Amino acid sequence: MTPLLPLPSIIIEPIVRNALVEDLGRGSDLTSESVIPHDRAATLALTARQAGVIAGLDLAAYAFLLVETTIDMQVRRPDGSEVAVGETVASVSGPARALLTAERTALNFLCHLSGIATATAAIVDAVRGHKAKIVCTRKTTPGLRALEKYAVRAGGGANHRFGLDDAMLIKDNHIAIAGDIRTAIERARAAAGHMVKIEVEVDTLEQLDIALAAGIDAVLLDNMSVEQLTQAVAMVGGRAITEASGRVNVQTAPAIAATGVDLISVGWITHSAPILDIGLDIAVDTNMNRLLN
């Protein structure tokens, strides 16, 4: 498995900071500052309430540290790890007020990204034994694309293009407005730099034949049946990267992968994956002079 590279701090920090500002509103955590003595410390455990795959611990850590720099986080199960129900993912120790202030922001990121990683891992496991890679799409939460695509990688998947500027994907509307597939491909090729790949979406084997004749780099086989996908892979014969999309879930993915496609793109793993339920529970409550790590 490819090593999971962490997201750069320059990407994480402003996203987490904005989330905390949103939560703190015009001032401070009224509840914690009213109820919790200022000199009280605690150790809390991040505990998995569902089995799944972890992603987003760096964001959770930033949520705590941006509120209080003395908070210490000890990770037991790093991003990309499978966890069982009841397993401790990490522990955080420090001033109790700060821990509770950061709690919801930390969990929002951790539960959301772990849910994406878990959903991805389930489909990756379903196609194990086939060459097909599971890839995500641009169907991401605005402002959170880098995080959600990272979570896909944590779950064993791979990333499609990041945005509109790093590859060309000629879709049905492009073709309709351009006039036909050949015209769209020729215009794309004339404008593309030598490092830019061109992919075209096709709905039929007839369209695929035209795209292959035009010398395309990759083909998006959209909403094709398993039988059509099998024929399409045979037609391509290794001349282009083949990507299947549409109606992909844990049940349908194995048959799609068995057709021999190179990639299977799945939009819902980023836009609709349920969260992984992770809680933050009291482990130790002590005074400021005896922080337990």
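The values are calculated or read from the model by the stated rules, or taken from the named source; none is laboratory data. These numbers come from a predicted model, not from an experiment. Counting neighbours? That spans all protein chains shown, and the Cβs are built from the backbone with ideal geometry, glycine included. To get the accessible areas, we keep the full protein, side chains included, count just its heavy atoms, and leave off ligands, DNA and RNA. Shrake-Rupley method; radii C 1.70, N 1.55, O 1.52, S 1.80 Å.
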_Top-ranked residue of the range 241-268 - restricted to ones that are part of a helix (DSSP H, G or I) and open to solvent by 10 Å² or more (accessible area, probe 1.4 Å), ranked as nearest to MET224 (Cα to Cα)_ = ILE256
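Given the options GLY157, GLY129, GLY163, name the one that is of a type in the set (Gly, Ala, Ser) and open to solvent by 30 Å² or more (accessible area, probe 1.4 Å). Outline the logic, then answer.
On the way: GLY157 fails: open to solvent by 30 Å² or more (accessible area, probe 1.4 Å); GLY163 fails: open to solvent by 30 Å² or more (accessible area, probe 1.4 Å).
Selected residue: GLY129, the only one of GLY157, GLY129, GLY163 that is of a type in the set (Gly, Ala, Ser) and open to solvent by 30 Å² or more (accessible area, probe 1.4 Å).
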*Taking SER81 as the residue in question, decide whether it is hydroxyl-bearing (Ser, Thr, Tyr), free of Cβ contacts under 8 Å to residues at least 24 places away in the same chain and open to solvent by 10 Å² or more (accessible area, probe 1.4 Å).*
no
*Could you give every pair whose Cβ atoms fall below 6 Å, whose first residue belongs to the range 103-121 and is touching a residue at least 60 places away in the same chain (Cβ under 8 Å), and whose second residue is in a helix (DSSP H, G or I) and open to solvent by 20 Å² or more (accessible area, probe 1.4 Å), counting only separations of at least 6 or pairs across chains?*
THR105/ALA19; THR105/ASP23
